[in-house]
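Visitor: Quick one: this structure, given as structure tokens, is what I'll be asking you about.
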Amino acid sequence: MLHLPDSLSRRGGCVEEPGFRVLLTESGNRTTEAIRAIRKVTGLSLWNSRLLLNSAPVAVTEADWLEAAQDAADVLEAAGAHATVLCDWCDRTITRVAGPLDPAPCSGPWPPETCRASHPPTTD
């Protein structure tokens, strides 16, 4: 759960953390490795992984923590597939680089400073 500032806590207290899902945008040219990566990320059978790969663009994972979604996208990209991470709150594509992930503000009812797409957690 995400705790909100006092101004919003009077309206309900907490809201759910946003989820991040992985979108497979292109299969790439290393099909066999991409299918193995999909199996690793999703736990699907070989047949279903191949169907998923051939259905690109398609969501590969359900909403999850940002770090888990980024790890899944990294596994897919290491296998030659093209993947992006999408925020469930605002449907923005999240870039996987250092610094703010997306400078645009969220388009939801939550305060912009709580959006993990705009303000990633600090890592030291």
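The values are calculated or read from the model by the stated rules, or taken from the named source; none is laboratory data. These figures come from a predicted structure and were not determined experimentally. Counting neighbours? That spans all protein chains shown, and the Cβs are built from the backbone with ideal geometry, glycine included. Side chains included, ligands, DNA and RNA excluded: accessible areas come from the protein's heavy atoms. Shrake-Rupley method; radii C 1.70, N 1.55, O 1.52, S 1.80 Å.
Visitor: Quick check: residue separation of ALA59 and GLU33 times 0.36 nm, minus the Cα distance between them. What number comes out in nm?
Guide: The span from ALA59 to GLU33 would gain 7.5 nm if fully extended.
Visitor: Probe radius 1.4 Å, ligands and nucleic acids left out: which of GLU26, GLU77, GLU62 has the largest accessible area, and how do the rest follow?
Guide: Numbers: GLU26 105, GLU77 80, GLU62 155 Å².
Final ranking, largest accessible area leading: GLU62, GLU26, GLU77.
Visitor: Suppose each label sits 7 Å from its Cα in the direction of the beta carbon; what would the LEU51-ALA68 distance come out to in nanometres?
Guide: 2.4
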